[in-house]
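The values are calculated or read from the model by the stated rules, or taken from the named source; none is laboratory data. Bear in mind the structure is a predicted one, so any value in this text is a computation, not a measurement. Cβ coordinates were reconstructed from backbone atoms using ideal geometry, including for glycine residues, and neighbour counts include every protein chain displayed.
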Number of protein chains: 2
Amino acid sequence: MRNILGREIPKYIEGYGRTKLFKGAFESLGEVQKTSVNIKSAVPGKSKILKSIKEAVDACNIKDGMTISFHHHLRNGDYVLNMVLDEIAKWGIKDIKVAASSIFPVHSPLVEHIENGVVTGIYANYMSGPVAEAVSKGLLKYPAIMHTHGGRARAIEAGDLLIDVAFIAAPACDTYGNVNGVAGKTACGSLGYAIPDAMYGKKVVAITDHLVAYPICPIEISQEYIDYIVNVDSIGDAKGIVSGTTKITKDPVGLKIAKMTSKVIEVSGLLQDGFSFQTGAGGTSLAVASYVKELMKKKNIQGSFAAGGITGYIVEMFKEGLFKCLFDVQCFDLKAIESYTNNKEHQGMSASMYGNPHNKGAVVNNLDVMILGATEIDTGFNVNVTTGSNGIIMGGSGGHSDTAAGAKLVIVVTQLIKGRLPIVVDRVTTVTTPGETIDVLVTERGIAVNPKRQDLIERLKKTNLSIMTIEELKQLAEEMTGIPKKIENDHKLVAVVEYRDGTVIDVVRRIKD
Amino acid sequence: MRNILGREIPKYIEGYGRTKLFKGAFESLGEVQKTSVNIKSAVPGKSKILKSIKEAVDACNIKDGMTISFHHHLRNGDYVLNMVLDEIAKWGIKDIKVAASSIFPVHSPLVEHIENGVVTGIYANYMSGPVAEAVSKGLLKYPAIMHTHGGRARAIEAGDLLIDVAFIAAPACDTYGNVNGVAGKTACGSLGYAIPDAMYGKKVVAITDHLVAYPICPIEISQEYIDYIVNVDSIGDAKGIVSGTTKITKDPVGLKIAKMTSKVIEVSGLLQDGFSFQTGAGGTSLAVASYVKELMKKKNIQGSFAAGGITGYIVEMFKEGLFKCLFDVQCFDLKAIESYTNNKEHQGMSASMYGNPHNKGAVVNNLDVMILGATEIDTGFNVNVTTGSNGIIMGGSGGHSDTAAGAKLVIVVTQLIKGRLPIVVDRVTTVTTPGETIDVLVTERGIAVNPKRQDLIERLKKTNLSIMTIEELKQLAEEMTGIPKKIENDHKLVAVVEYRDGTVIDVVRRIKD
């Protein structure tokens, strides 16, 4: 079967089930059902504290075939996923499905668990490093299932992703299971991605290295949702959790792209009081923020909010009064954590509130401008941030597709050529985000606007910006690089790329050696 | 059928269904299921704002037989319930079930809707005034269903109380439905009781008189849960919402009871660092708090938390550093609202987090000492706070049964005689809270301890407090008042009293004229 983007999708995928074809970014909205959850209610007076992860595996009765979940706020400093899986492996348990919101290089021990059959399935919104490579090579028994951040929340709430046991990496936890991310030696700020896991996990275990007397304050995840607490020496390496500061690019090409992008935003008509904005933590994205900041100050614009993974740079804009508040699902650096801890206008949000298409309205729906990256973008404006030019998984949507679907103006910023390969192609290797949700591509050589945005094309034509078709950009790139050789896949399916609504937008197949 | 307390409960009750008999306060714990919810997901860009309540009734497609819900943070100043029901009546809709967390005298127009068949069922945790009288007289087609605060949250989460449309009285609301109770002219503080309604209502409408630009801060109820917003002139009368200040009793009998109670607490062994405490807003309860405050200061005790409906008096203790934090489901006065607004250690909690027995651990489970009132208490320590001595409904559990089940030391404080009637009786008219969850009764004439608390009896015997059996207290009262004449019921059942776990602990029958 082919979906609306012409991607060949099997009707049925082993380890996944029957597929639902992607039909368009907004075709699945309407009546939806949030699933029921079976839990065990607490007996007053009974302690939730267990002595070890071993005891938790036992208390939760983890068995072959179960799905266990993790969140990625500790990023490349996370110890929790490895500790839990090592314990599960010791028990001789097999066929575990790991639902980790993201997987990083630090999770390389997972490769061995994959090879040994301890882990046979993976759900992730993003993965990079050895696990992603192992998945790409087809080592995992079943294809990995790649969600978006909002789509993962949707899948959990809909019961598509049933979590038997959720493990919450808790930077601070009180003796009855109230959790926050603002205290302790591994403070990471907002715990937004963990909230659906806590609310819908059949069993939920808080793993902490900072157990405090009841009650903790503030509470990000309530005692209502926590079955057990395990106090360990360390849940993570603070150095891997956050970068000290996120920095604006110094590369002149990146700065040029950023400057052009800010001009597009200025011309769009959206830059007025109430302006809302999201950008990633990359150097070019931050440079866009810096130009937008200048514009906002010059024009005396009071924005409404910035959202996302929050960086120190966005915090600075907030502190200068350019945004009334911040919505934070995950803090990207120490400045963001500090601000989240101390400013009540720096508000946490769950992954569902952030980007779930199947609730009554996510934060992404209120974004004016979203700045996104791309590994590849095709002439249909479809973006790939899942696989690299070598066909290996090196990322995933994260919030890419969610924000693209929600924001009024979605701008992809990228150099036209990276690593001697053109970024604009006829057909992306993997579709992560559908072109219908992308408005503009800004490269250092020119700007392409999605033809569906004639209004924007009209506005931009009146400027001195270099506006061209995306086909022209592609040709420009190919003139410099030549037409790249297509990578060749074999038939083994290694990942299913779910759009945020649970339909299959693409699949990833193993690369031929 | 009789339940474990010997109360005659019909097997099946029209408008209620099959009854589950109360079997003991902790007999229903174990595996439970939270229900699924059907909602309609939002289309990005679509406004949630409607022009009027009329439009909301239409948009929600309210039809005969539906259940609509309200919360009671605006108490006797609430306009929302009346406005919505007046509109529903105008549409000619009949057979509506009103699930209001509490009903006050201000809701008297509901009586006409009951008489006209617009409203045929009521769910409430507490009711007083004309509606309670109308229910007691049997005017409502089906028996009213009386919950506890935690039990209502449980019923909603379990799907026992299915809400078709929840109306949220929103002191402040932004244009995408984020709600808080700390801004606007009808600011009432915590919106804890409304949270289950918002999370589990099929449709949810925020009715506000303070609509602000997106996004509001802080957020108590998230945009994820709100379908529609209606901006009206006024959602309530601020004078009815809160009392200016809650005050300690000046009555010497009340003060005596309070003093004795503080002595019981002191002797109990619970008054040490980490002490937690809850009391109501009544004058005697506040006097207990004042004596406890003195004790805590004298003994240099740092408490952990106070919980409940929060009063200015508890806020003062908190500000003096006697409690590390406050858990607040509802603010009782202006000082509490002010504190809730400005102190992050003054934390909101949902009704489920407060008292739901079927989650993974409610706040009541962590209470050391709970001070409760009683209209009647019988020799089995069963307490009635539902019906008056005339058999008319004049209250209900609210948090009574929840806190009694959770707290380590539960003390009922009351004068031995009120309105020339003994408070201690052989058999309470209506059981609200089972005796097994009550530890001590303190009256001005003496203290009775539940025989199951031999440990406490031993401790108290060593003091000069007047300890007697509850039978002795009853006799003491009857010597002064004579044995009161039993009120007589006919067979019409006017209310079902559900224990917090959803079993039927008692029923209320109509009084014979």
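Restricted to helices (runs of 4 or more DSSP H) entirely inside the stretch B:300-397, those with at least 2 residues that are within 14 Å of another protein chain (Cβ to nearest Cβ) and more than 25 Å from residue B:153 (Cα to Cα) are B:334-342.
Total residues in the stretch A:215-248 satisfying the condition of being outside the structural domain of residue A:167 (by TED's automatic domain parsing) and either among the acidic types (Asp, Glu) or without any contact (Cβ under 8 Å) to a residue 60 or more places away in the chain (or both): the figure is 1.
Taking the residues in the stretch B:398-411 that are within 11 Å of chain A (Cβ to nearest Cβ) and touching an Asp or Glu at 6+ places or on another chain (Cβ under 7 Å) as candidates, determine which candidate is nearest to residue B:508 (Cα to Cα). Only one residue tops the list, namely B:407.
Just one of the listed residues (A:89, A:124, A:134) is touching a strand residue (DSSP E or B) at 6+ places or on another chain (Cβ under 7 Å) and at pLDDT 95 or above, and it is A:124.
Total residues in the stretch A:7-22 satisfying the condition of being in contact (Cβ under 8 Å) with a residue 40 or more places away in the chain, surrounded by fewer than 15 Cβ atoms within 10 Å (Cβ to Cβ) and under 28 Å from residue A:406 (Cα atoms): the figure is 1. Do we have residue A:213 as surrounded by fewer than 24 Cβ atoms within 10 Å (Cβ to Cβ) and facing chain B (nearest Cβ under 10 Å) here? Judged against the criteria, residue A:213 is a match.
Taken together, B:457, B:438, B:505, B:487 contain a single residue that is modelled with pLDDT under 95 and of a type in the set (A, V, I, L, M), which is B:487. Within the stretch B:365-377, residues that are assigned by TED's automatic domain parsing to the domain that holds residue B:428 reach partners that are surrounded by fewer than 24 Cβ atoms within 10 Å (Cβ to Cβ) and among the charged types (D, E, K, R) with beta carbons closer than 6 Å, at six or more positions or on different chains, in the pairs B:368/B:408.
Let's see how each residue does on (1) at pLDDT 95 or above; (2) of a type in the set (Asp, Glu); (3) farther than 26 Å from residue B:132 by Cβ:
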{"residue": "B:29", "(1), (2), (3)": "no, no, yes"}
{"residue": "B:33", "(1), (2), (3)": "yes, no, yes"}
{"residue": "B:40", "(1), (2), (3)": "yes, no, yes"}
{"residue": "B:43", "(1), (2), (3)": "no, no, yes"}
{"residue": "B:61", "(1), (2), (3)": "yes, no, yes"}
{"residue": "B:66", "(1), (2), (3)": "yes, no, no"}
{"residue": "B:77", "(1), (2), (3)": "yes, no, no"}
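Quick one: how many residues across the stretch A:216-259 are more than 14 Å from every other protein chain (Cβ to nearest Cβ), assigned to a strand (DSSP E or B) and either farther than 24 Å from residue A:165 by Cα or not β-branched (Val, Ile, Thr) (or both)? Please lay out each step first, then the result.
The first filter runs over the stretch A:216-259 and keeps only residues more than 14 Å from every other protein chain (Cβ to nearest Cβ), leaving A:230-259.
Subset that is assigned to a strand (DSSP E or B): A:230-231, A:236, A:243.
Applying the additional criterion that residues be either farther than 24 Å from residue A:165 by Cα or not β-branched (Val, Ile, Thr) (or both) yields A:231, A:236, A:243.
Total satisfying the criteria: 3.
Within the stretch A:26-47, the set of residues being farther than 30 Å from residue A:120 by Cα and either surrounded by fewer than 19 Cβ atoms within 10 Å (Cβ to Cβ) or touching a strand residue (DSSP E or B) at 6+ places or on another chain (Cβ under 9 Å) (or both) comprises A:26, A:27, A:29, A:30, A:31, A:41, A:43, A:45, A:46, A:47. Cβ separations smaller than 6 Å between residues 6+ apart or across chains give the following pairs from the stretch B:25-39 residues that are at the interface with another protein chain (Cβ under 7 Å from one of its Cβ atoms) to residues that are among the charged types (D, E, K, R) and not in a strand (DSSP E or B): B:34/B:157; B:38/B:202. Considering the conditions (1) among the aliphatic types (A, V, I, L, M); (2) farther than 30 Å from residue A:466 by Cβ; (3) at pLDDT below 95, residue A:226 is excluded by exactly one of them, (3). Checking each residue in the stretch B:121-139 for being farther than 24 Å from residue B:512 by Cβ and touching a helix residue (DSSP H, G or I) at 6+ places or on another chain (Cβ under 8 Å) picks out B:123, B:125.
Test residue A:78 against the criterion of being surrounded by fewer than 16 Cβ atoms within 10 Å (Cβ to Cβ) and assigned by TED's automatic domain parsing to the domain that holds residue A:165, and give yes or no. No: the conditions fail for residue A:78.
Here residue B:243 fulfils each of the conditions (1) at pLDDT below 95; (2) among the polar types (S, T, N, Q); (3) buried (at least 24 other Cβ atoms within 10 Å of the Cβ) apart from (3). Of the residues making up the stretch B:181-192, those that are within 14 Å of another protein chain (Cβ to nearest Cβ) and among the polar types (S, T, N, Q) number 1.
Here the stretch A:260-293 is the region considered, the condition is being assigned to a loop (DSSP other than H, G, I, E, B) and more than 15 Å from residue A:460 (Cβ to Cβ), and the residue that is nearest to the chain's Cα centre (by Cα) is A:280. Among the residues making up the stretch A:442-456, those that are over 17 Å from residue A:259 (Cα atoms) and surrounded by 17 or more Cβ atoms within 10 Å (Cβ to Cβ) are A:450, A:453, A:456. In the stretch A:193-210, what residues are within 22 Å of the chain's Cα centre (by Cα) and away from chain B (no Cβ under 12 Å)? Once the filter is applied, which keeps residues that are within 22 Å of the chain's Cα centre (by Cα) and away from chain B (no Cβ under 12 Å), the stretch A:193-210 yields A:193, A:194, A:197.
The number of residues in the stretch B:181-208 being free of Cβ contacts under 8 Å to residues at least 60 places away in the same chain and touching a Cys at 6+ places or on another chain (Cβ under 8 Å) comes to 2.
Mind checking which strands (runs of 3 or more DSSP E) fall wholly inside the stretch B:18-73 and carry at least 3 residues that are within 18 Å of residue A:360 (Cβ to Cβ)? Show your work before the answer.
Values: elements: B:31-34, B:37-40, B:67-70.
Per the criteria, B:37-40.
Among the candidates A:430, A:414, the residue that is out of contact with any helix residue (DSSP H, G or I) (no Cβ under 6 Å at 6 or more places or on another chain), more than 14 Å from chain B (Cβ to nearest Cβ), among the hydroxyl-bearing types (Ser, Thr, Tyr) and surrounded by fewer than 24 Cβ atoms within 10 Å (Cβ to Cβ) is uniquely A:414.
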